[in-house]
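Participant: Please find one structure pasted underneath; my questions will follow.
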Amino acid sequence: MDCFPLPILANILSRIGEQGFRLLGPFIAAGPTMKEAVYSREVLQNTDLSEFIYNGELAAETSMFRPFLLKCYEKGNITALFVESLRRLTQDGPSQDALDMLAASSTLNLNALFAFGMMLLCCGAVEEGTTSLMPF
């Protein structure tokens, strides 16, 4: 795969990652060129991480998938932002920083919008929480 320029390779891998993050594993193991392409901003931003939402153990600090989640988070993946904010809110306790992360992810993710509204209600911000939950 050294014959493909990195931007083209990243575009191909981005399309593969949109089908699920586990599909990128073999490419990470294939060598440094492929690993560099997988860890590019384009791929990590577009990778489907919905499995992390439905299986919270994948985001646990002891999970072997957590480093990949954090790389996606650093590159601005909205689902990674949502999952990490929920992990912080539930394991570290409510904080303004974690609520801000959840709010940022709620603009593009319905699960995050619902969770944000519920967290606001739990924190005592009834009016803001109710407003956030209006679409539901």
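The values are calculated or read from the model by the stated rules, or taken from the named source; none is laboratory data. Predicted, not measured: the structure shown is a model, and the values here were computed from it. Using ideal geometry, Cβ is built from the backbone for each residue, glycine included, and neighbour counts are taken over all protein chains shown. Heads up: the accessible areas ignore ligands, DNA and RNA and are worked out on the full protein's heavy atoms, side chains in. Shrake-Rupley method; radii C 1.70, N 1.55, O 1.52, S 1.80 Å.
Participant: Whether any residue in segment 31-41 is open to solvent by 50 Å² or more (accessible area, probe 1.4 Å), assigned to a helix (DSSP H, G or I) and modelled with pLDDT of 95 or more is what I want to check.
Facilitator: Looking for residues that are open to solvent by 50 Å² or more (accessible area, probe 1.4 Å), assigned to a helix (DSSP H, G or I) and modelled with pLDDT of 95 or more, one finds at least one in segment 31-41, hence yes.
Participant: Also, I was wondering about something else. Please list, ordered by first then second residue, the pairs with beta carbon atoms under 9 Å, 6 or more apart or interchain, first in segment 61-90 and without any contact (Cβ under 8 Å) to a residue 12 or more places away in the chain and more than 18 Å from residue 35 (Cα to Cα), second surrounded by fewer than 22 Cβ atoms within 10 Å (Cβ to Cβ) and among the acidic types (Asp, Glu).
Facilitator: Going by the 9 Å Cβ cut-off, the qualifying pairs are 63/57.
Participant: Further question: Looking at segment 107-127, can you tell me whether even one residue there is within 30 Å of residue 8 (Cβ to Cβ), within 13 Å of the chain's Cα centre (by Cα) and surrounded by 18 or more Cβ atoms within 10 Å (Cβ to Cβ)?
Facilitator: The answer is yes, given that some residue of segment 107-127 is within 30 Å of residue 8 (Cβ to Cβ), within 13 Å of the chain's Cα centre (by Cα) and surrounded by 18 or more Cβ atoms within 10 Å (Cβ to Cβ).
Participant: Still on this structure, please answer the following. Would you point out the residue of segment 66-81, among those that are open to solvent by 10 Å² or more (accessible area, probe 1.4 Å) and hydrophobic (A, V, I, L, M, F, W, C), that is nearest to residue 21 (Cα to Cα)? Please lay out each step first, then the result.
Facilitator: Step one: of segment 66-81, the residues open to solvent by 10 Å² or more (accessible area, probe 1.4 Å) are 66-68, 70-71, 73-76, 78-79, 81.
Then keep just the ones that are hydrophobic (A, V, I, L, M, F, W, C); that gives 68, 70, 78, 81.
Details: 68: 9, 70: 13, 78: 14, 81: 15 Å.
Here the residue is 68.
Participant: Name the residue that is farthest from residue 53 (Cα to Cα), counting only residues in segment 16-27 that are without any contact (Cβ under 8 Å) to a residue 12 or more places away in the chain and open to solvent by 40 Å² or more (accessible area, probe 1.4 Å).
Facilitator: The selected residue is 26.
Participant: Every residue in segment 47-60 that is in contact (Cβ under 8 Å) with a residue 12 or more places away in the chain and within 28 Å of residue 11 (Cα to Cα), please.
Facilitator: Listed by number, the residues that qualify are 47, 48, 49, 50, 51, 52, 53, 59.
Participant: Which of the residues that make up segment 49-65 are buried (at least 17 other Cβ atoms within 10 Å of the Cβ) and either outside any helix (DSSP H, G or I) or in contact with a Leu (Cβ under 8 Å, 6 or more places away or on another chain) (or both)?
Facilitator: Step one: filter segment 49-65 for residues buried (at least 17 other Cβ atoms within 10 Å of the Cβ), giving 49, 52-53, 58-59, 65.
Once the filter is applied, which keeps residues that are buried (at least 17 other Cβ atoms within 10 Å of the Cβ) and either outside any helix (DSSP H, G or I) or in contact with a Leu (Cβ under 8 Å, 6 or more places away or on another chain) (or both), segment 49-65 yields 49, 52, 58, 59, 65.
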